[in-house]
Structures are given as C-alpha cells and as structure tokens.
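All remarks here apply to the structure that follows.
Any read-out appearing in this document is the output of simple, stated calculations on the displayed coordinates, not a laboratory observation. Small disclaimer: the values here were computed from a predicted structure and weren't measured. All Cβ positions, glycine included, derive from the backbone under ideal geometry; neighbour counts span all protein chains shown.
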Amino acid sequence: MKQWLLEVYRVWWREFRLVLRDEGVVIFFFVLCAVYPALYSIIYNTETERNMPIVVVDYCRTQASRELARRLDATPEVRIISYAANMQEARELMYRKKCYSIVYIPRDFSQCVARGQQGHVSMYCDMSVMFRYKSMLMAMTNVTQEMGGELQKKRLAPFTYGGIGLIQNRQIPIGNTAMGMASAVLLFILPLVIQQSMLLGIGMLHGGSIERRRRNRGYDPMEEPAGICATLIGKMMCHQVVYVVPVVYVLHFTPMIFDFPQNANLLHSVALAVPFIIAVSFMGQTLQAFINERESVFLMLAYTSVIFVFLLGVSWPRFAMSRFWYVIGDCVPSTWMSNGYVLMQSSGATLNQISHYFYMLWLQCGVFFLLAYGVERFVSRPRYRHWQKKAAADPNALQRYDIIKNGVG
Amino acid sequence: MLKFYFKESFKRGMVQLVRRPMYFLMMVIVPILGCWAIMDMMKAGAVRDVPVGVVDLDDSDMSRKLVRVLDAMEQVSVKRHFKDFKQAKLAVQNGEILGFYFIPEDMQQSILSGKEPTVSYYVNYSYFAPASMQYKGFKTISLLTKAGVVQTVLRTVGLPNQAIMATMQPYATHEHMPANPWLNYNYYLSSSFVPCFFALMILMVTAFTLGSELKSGLCRQWLAVAGDNMVLAITAKLIPHTVLFTAVGWFVQWMMYRVYGLPLNCNPWHMLLAMPLLVMANQGFAVLMYCFTPNFRFGSTLCTLMGMLSFSFCAFSMPEESLYPWVAAIGYMVPIKYYFLLSVDQAINGIDLYYSRVYYAALVGFIILPLIFSWRIKHQCMNPIYVP
C-alpha cells in the first residue's frame with residue numbers, strides 16, 4: 001500500500017512538472033481559462049438589443065398614427081431611422097440591411113379606431129436573427145397595449161362608474177433579472193470552458209508523450225513507471241491541484257467582473273467542481289487514446305465544444321430534446337456541472353438542493369475511471385509494447401512509419 | 001512543365017489524404033454527424049410545454065379555471081401546484097420548474113367588487129428560449145382573463161360583439177414573419193450554426209494538413225515537388241480537400257434544406273454555388289493564418305480560435321447592431337460571416353442576387369488573398385523550424 005501511494009505521488013509530481021514545462025499545455029490550462037471567459041463575456045456584454053433600426057410606412061398620417069410611431073421610437077428596443085413613402089421603398093431599405101423591420105400603418109387606421117372598431121397595424125420583421133423579432137414584438141406589444149389601455153379606460157368610464165375589476169398583470173424576471181443574453185448564456189459556458197481546456201491540455205500532454213515514444217524506440221523517457229491505477233489517479237490529482245486557481249477564477253471571479261448573477265456560495269460551487277474536475281480528468285485520459293501527436297488535439301477535440309454547448313441545453317432546453325440527445329447529454333460532465341452551477345449562481349440554490357447533480361458527477365467519475373482504465377490497459381499499453389518490440393527489431397521503424405503516414409516514400 | 005509539377009504535387013496531396021484515416025474521419029464523418037446533431041436536437045422546432053408551477057392562493061372557481069386554461073396552452077405545462085410562494089421558490093431553485101404563476105388571495109372577490117388585483121408571473125430568464133415561451137403563455141392567459149371580465153361587464157350593458165372586441169383591444173398588430181412564420185427555432189439557429197460548424201472543420205483540417213508539412217520537415221520536399229512554386233504547391237495539395245469538402249458540404253445542404261426543411265426561398269443553385277466558395281474561402285483563410293504565423297501550433301491555434309469565436313463574433317444569436325462595433329468588425333474578418341449574410345439574403349429572404357453580390361465577391365477575395373502572401377510560407381518551408 002505504501003508502495004502504491006509512493007507511486008501515485010511520483011506520477012503526480014512528474015505530471016506536475018510536465019504541465020509546467022510544456023508551453024502549449026500551460027496555454028491550455030491557464031491562458032485559455034483566463035482569456036476565453038473574459039472574451040466571451042465582452043462579446044455578449046451588451047446583454048440586450050437596443051435601438052434596432054426600423055422604418056415606418058405611414059399611409060394614415062393622422063395624430064393617432066404619428067403618436068404610435070412616436071411612442072415606438074421612444075421605446076428602448078427600436079429606433080425609427082426613416083419614414084418611407086411606400087412599401088416598395090421600405091423593402092428596398094430592408095434588403096440593403098439599413099433596417100430590420102417595417103411598420104405599416106394603413107390608411108383607415110385612425111378612422112377605424114374613431115368609429116369604435118379595431119385599428120390594425122402590420123409589422124414585417126427580418127427573421128435571420130430571432131432576437132430582432134423579439135425586440136420588435138416587445139416594442140410593438142408594449143406601445144399598442146399602452147395606447148389601447150388609455151383608450152379603453154376612456155370608453156369604459158361611462159359603463160363602470162369609475163370602477164371595474166380589471167386584473168393587472170406583471171412579469172417578475174427571476175434568476176437573470178437583467179434579462180440579458182450574457183447573464184443567461186455565459187453561466188452555462190463557464191464550466192464548459194474549464195472542461196474543454198482540460199481535455200485539450202490532457203490530450204496535448206499525451207500527444208507529447210506519444211511523440212517521445214516514437215523517437216525513443218517506444219519508450220517515453222519522461223514517464224514514471226507505475227501501475228495503471230496509480231498512473232490514472234496520480235495524474236487526476238495533479239489536474240485537481242492545477243485547476244484550483246482556474247476554477248475559482250472562472251466560476252467565482254468572472255461573474256463578479258462582468259456582473260452576472262452571483263447567488264452561489266463559493267464553497268458550494270467549488271464543492272460541485274471537485275467531482276467535475278475528477279470526471280473530466282478521467283474523461284480526458286479516456287479520449288487521449290485518439291491523440292497521436294501534440295497538434296492533433298485541435299483537430300480531434302476542439303470541435304466537440306460546439307456539440308457540448310448544444311447538449312448543455314443553453315440554446316435549446318434539455319427537456320425539449322428527444323430522449324436520445326437527452327441521454328447523450330447525460331454522459332458529459334459539463335451538462336451536470338453547468339446546469340447545477342447555473343441553478344446555484346442564478347437561483348441561489350444550495351448544494352443540498354442540487355444534490356442530484358452532485359451525485360451524478362460522482363457517478364461519472366466512476367464510469368470514466370473504468371473507461372480510462374480500460375483504454376490504458378487494453379489499448380495504450382499493448383500498443384506501447386508492440387512499438388517497443390517493433391523498434392527492437394528495427395530502430396528506425398517508428399520514425400519511418402511517421403514519414404510514410406505523411407504521404408512520402 | 002507547370003502541368004508536370006502540378007500532376008506530381010497533386011499526386012502527393014492525394015497520397016497524404018488517403019494514407020491517414022484521420023482525414024476521412026475529420027472531413028466526412030465528423031462534419032456530417034456534427035451538423036446532423038445540431039439540427040436533430042432542435043428538430044421539434046419550437047419549445048413547448050415548459051415545466052411551470054402555479055401558486056393559487058385564491059382557490060376560487062375563477063382562479064381554478066385560469067389554471068386549467070394555462071395548463072391547456074401549448075407554451076407551458078403546469079407540473080405542480082404549490083401551497084405558498086416559498087415552496088415554488090424552492091422548486092425553481094432545484095430546477096424542477098422554470099417559472100411560476102402567482103394568483104393572490106381574494107382575486108375573484110376583488111374583481112367582483114371593482115378593485116384591481118395584480119397577478120404576477122415569475123420567469124427564470126437564465127433559460128432564454130423557455131423564458132420567452134413562458135412569458136408568452138403567462139401574458140396571454142392574463143390578458144384573456146382580463147378580457148373575460150371586461151366582456152361580461154360590457155355584455156350586461158348591451159354592447160354588440162364587435163364593439164366589445166374593439167374596446168378590449170383597440171389596436172391590433174398583424175405580425176408578418178417572412179420565411180419563418182412558425183417561429184421555428186431550428187430554422188433560425190441551424191441556418192447559421194450548421195455552416196459555421198462546417199467552416200470550423202474546414203479551418204482545422206486545413207491548418208492541420210499545412211502544419212504537418214512544416215512540423216515533419218517534409219515541407220522542402222513539398223516545395224521541390226511543385227518546382228519551388230509555393231502557389232502551385234498549396235493549390236495542388238488543397239484541391240483534393242476542396243473536392244471532398246464540397247461534396248460533404250452539398251450533402252449537409254441537402255440535409256438542411258430537404259431533410260430538415262430549412263427555408264430555401266431562392267434558386268437552389270445560389271446556395272449550391274456558395275458552398276465551394278465557402279470551402280475555398282475557409283481554406284484560403286487558414287492559409288492566410290499560416291502566412292502570418294508559419295508555425296504549426298500558432299497556426300492551428302489561430303484557426304481554431306477564429307473558428308470557435310466566429311459563432312459569437314458573426315452575430316448569429318445576438319444581432320450585429322447591438323454588439324460593440326469592434327466585435328462586429330471582427331466578425332467581418334472571417335469568411336463564414338459572408339456566407340451567413342448571403343444565405344440570409346438568398347435562402348431565407350429569397351431576394352435578388354444583386355443584393356448579395358458583395359458577399360459572393362468577398363468569398364472570392366478570401367481565396368485570392370493568401371496567394372499574394374504565400375511567400376511567407378515559402379520562406380518558412382525553406383528553413384523549417386519546429387517549436388513544440
């Protein structure tokens with residue numbers, strides 16, 4: 001037992017030195033974690049759409065129609081850039097992307113209202129970005145309801161002698177009270193950044209090791225001889241230590257800097273991150289089997305971020321996914337971590353309340369450990385032995401193989 | 001002579017492509033699976049039945065009816081009824097529900113006695129798409145209930161139906177959403193994200209294939225085979241990639257427009273033609289990155305970085321006019337932005353080709369630009385240095 005612990009310690013120490021020595025890995029582990037969250041936050045820092053350019057086609061030209069346009073212009077969401085003479089002209093402006101929506105007020109608009117009928121307004125919206133439609137709709141609904149309410153009160157007054165039981169309604173945004181884009185999206189993305197940076201870094205370390213093996217007849221001079229369990233656990237512990245600072249910075253300080261919802265207790269979010277880091281470390285040690293050289297991590301792993309973002313349920317909620325995608329999402333640590341973290345950070349849940357997520361992450365630790373063990377035992381190590389045998393027969397065999405793969409000879 | 005060099009370089013490129021199964025994986029399997037995954041996840045189109053709760057402190061027949069109608073709405077589905085506010089809050093915290101509708105005590109009584117009670121709805125905006133659905137559902141039910149009361153009152157004083165309608169809603173808005181009247185989320189998001197994912201794969205594969213030449217030190221041979229002509233060497237090496245990627249890209253477009261039914265309101269040729277341009281423009285962009293930093297790691301880092309960030313820079317979800325100007329400007333530095341703009345014009349809005357002329361030209365520009373700077377790569381090829 002003592003021997004085994006010593007092995008773990010030696011692997012831990014060696015991995016630690018490898019991480020700090022390798023510039024590429026340092027970039028992934030630290031620089032990526034420092035820069036990416038900030039960059040994403042800055043991109044989405046404007047939070048909501050303000051003053052989207054629109055055009056009004058006013059055929060009515062009465063006080064009521066001008067009032068409508070004036071109030072639209074006054075909303076925070078939209079801004080009238082021009083009054084077009086007709087729809088043709090307005091459409092031309094839309095095609096040239098000068099405006100993204102057209103409000104059309106027909107000739108009989110105020111006449112209808114005065115006659116006691118409904119006045120109709122049409123709105124045409126560019127549908128390439130859903131946000132624009134949302135702002136336009138919001139502005140339009142607010143203005144027409146406000147004007148309608150005023151008119152309604154006037155009309156109802158004679159019937160109701162001042163008092164009619166009208167239900168008022170109000171929306172109270174919770175969680176993300178600013179209703180901003182960054183506050184909603186970034187909290188999901190932050191844990192994912194940690195996961196991806198870790199996967200990339202672990203992959204690159206392994207790629208480096210494979211390259212050393214190719215040059216050194218199948219042996220890695222930097223490798224600490226140890227059992228499979230000791231190797232996996234030693235490396236995992238190293239990652240755990242290395243990630244203390246990034247986890248606190250990304251999960252605690254980034255929301256602070258950019259003023260996202262911050263209702264989580266730091267201790268609780270760190271506690272949730274512990275099984276997360278272990279699970280991701282073993283996941284990385286499983287996936288590293290696909291990496292054959294340092295730089296192929298970009299190719300093999302970088303694109304997974306896009307898929308993982310979707311699996312988190314940030315752009316499309318998880319409950320609306322088909323069973324298949326739901327289960328796939330369950331298999332990724334970031335899904336549990338992000339959703340749990342968002343509940344803590346935005347709704348102020350305690351670790352106790354989201355214990356389900358916590359336990360699922362621990363379960364993943366177990367599963368990924370078994371996977372990593374299987375990969376190391378049945379794929380990687382037999383391969384190294386095979387290489388060593390091959391190199392013993394012909395010292396240049398491994399390097400020649402490399403050249404042949406590059407299409408020469 | 002040029003023909004001979006081209007033939008030799010082309011042969012070399014083909015051999016490299018075939019000998020590594022990784023290329024097949026990254027150029028065919030992953031792009032198709034990834035694009036399929038994005039579209040298939042959202043194939044339901046609109047978020048329905050958002051899990052919500054109800055806090056009904058009134059417990060009158062009016063409030064019960066309101067809750068029943070709320071549950072019947074397609075936007076939300078009432079998962080639980082809570083006794084008080086606190087319980088509902090706890091359910092929001094553990095993620096069971098995403099929002100709740102709060103009916104105050106004595107609502108019916110207040111209405112009947114002519115007071116104005118306020119119902120509130122608490123919507124968790126941490127989940128963006130479900131939140132707007134909840135808002136829509138909650139708002140509608142509140143207005144309907146209000147209208148019900150007004151209608152009853154007005155009917156008792158003998159107003160005709162038309163006048164009642166006009167009193168309840170004096171101004172009506174007609175919404176026209178060309179190309180996506182169903183507000184289908186898949187149509188909107190996949191139209192931009194799927195090509196961007198594909199572009200990311202092109203960038204990374206191109207960066208990888210150029211980088212391996214520099215790293216393995218075989219770049220001298222690469223150049224020699226092409227008769228020391230860098231432009232020829234790059235072109236001949238990348239043409240097999242272009243062909244394969246274009247074929248995959250057309251397959252992806254087929255999935256987009258035919259299998260998942262994304263809007264295609266133009267002549268299909270306009271989009272089919274844009275695909276090879278997109279492929280070549282992205283290859284050109286990757287080559288350009290290597291012109292700036294002729295080093296495997298920096299080159300791939302730059303390509304991956306730009307590929308990943310273009311999802312945000314290019315204003316697919318947050319509209320361009322609401323980004324910081326410098327962020328929006330960076331969006332214009334990557335080819336996928338122009339493809340996105342032209343697909344908005346052509347596939348979604350179906351307007352004249354004339355309006356998209358600049359975007360097609362910009363894609364062509366990305367193909368030509370790196371050829372001018374290719375001397376930088378040539379210089380590196382002559383003296384390859386590998387820094388891990």
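Couple of notes before you dig in:
- MRE, 222 nm, helices only [DSSP H, n ≥ 4, -39500 (n - 2.57), over chain B, to nearest 500]: -20500 deg cm²/dmol
- Spin-label zone in segment A:61-75 - amide nitrogen under 15 Å from a point set 7 Å from the Cα of A:E150 along the C-beta vector: A:62-75
- Straightening the chain between A:N216 and A:F253 buys 8.9 nm, computed as 0.36 nm per residue apart minus the Cα-Cα spacing.
- Annotation for segment A:180-236 versus segment B:1-72: alpha-carbon center distance of 26 Å.
- Sequence-separation-based contact order of chain A, relative, with Cα cut under 8 Å and 6+ spacing, percent: 20 percent
- Among B:119-130, A:29-40, the order from most to least packed when residues are scored by Cβ within 10 Å on average: B:119-130, A:29-40
- The calculated FRET efficiency for B:V15 paired with A:W4, based on their beta-carbon distance and R0 = 51 Å, is about 0.60.
- Taking every DSSP helix (H) stretch of at least 4 residues in chain A, weighting each as -39,500 (n - 2.57) and dividing the sum by the residue count yields a mean residue ellipticity at 222 nm of -20000 deg cm²/dmol.
- Across chain B, Cα pairs under 8 Å and at least six residues apart give a relative contact order of 20 percent.
- Highest to lowest packing among A:341-349, B:354-362, B:271-279, scored as the average C-beta count within 10 Å: A:341-349, B:271-279, B:354-362
- Of all complete DSSP H helices in chain A, those with a Cα span along the helix axis of 20 Å or greater and a mean Kyte-Doolittle hydropathy of 1.6 or more are A:266-287.
- Here segment B:366-388 and segment A:297-342 have alpha carbon centers that stand 38 Å from each other.
- Per-residue average of Cβ from other chains inside 10 Å of A:289-301: 5
- Positive dipole terminus of segment A:320-409, leading residue within A:L343, A:Y326, A:C365 (C-beta point charges): A:C365
- Inter-chain Cβ neighbour count for B:307-320, averaged per residue, equals 5 (cutoff 10 Å, partner chain atoms only).
- Note on the protein assembly as shown: dipole from Cβ charges, positive end direction compared against B:S343, A:I403, A:V245; the farthest Cα belongs to A:I403.
- Separation between Cα centres of segment B:279-336 and segment B:141-168, rounded to whole Å: 56 Å
- Helices meeting the span-like rule in chain B (full DSSP H runs, Cα extent of at least 30 Å along the helix axis, mean Kyte-Doolittle score of 0.0 or higher): B:128-156, B:185-216, B:230-254, B:268-292.
- A simple charge model with +1 on the Cβ of Lys and Arg, -1 on the Cβ of Asp and Glu and nothing else charged puts the dipole of segment B:31-95 at about 140 debye relative to its Cα centre.
- Within 10 Å of the Cβ of each residue in A:113-122, the mean number of Cβ atoms contributed by other protein chains is 5.
- Residue (of A:Y124, A:Q171, A:Q196) at the positive-pole extreme of chain A, dipole from beta-carbon charges: A:Q196
- Extension gain from B:Q151 to B:V364, taking 0.36 nm per residue of separation minus the Cα-Cα distance: 70.5 nm
- Efficiency of FRET between A:N51 and B:I372 - r from beta-carbon atoms, R0 35 angstrom, step 0.05: 0.30
- The modelled label-to-label distance for the pair B:F251/A:V241, using points 7 Å beyond Cα in the direction of Cβ, is 4.7 nm.
- Note on A:D394 and A:I42: with the Förster distance fixed at 56 Å, the Cβ-Cβ geometry gives a FRET efficiency of about 0.55.
- With 29 Å as the limit on Cα-Cα distance, the pairs of A:K2/A:K390; B:K89/B:K136; B:K215/B:K337; B:K65/B:K136 that go past it are A:K2/A:K390; B:K215/B:K337.
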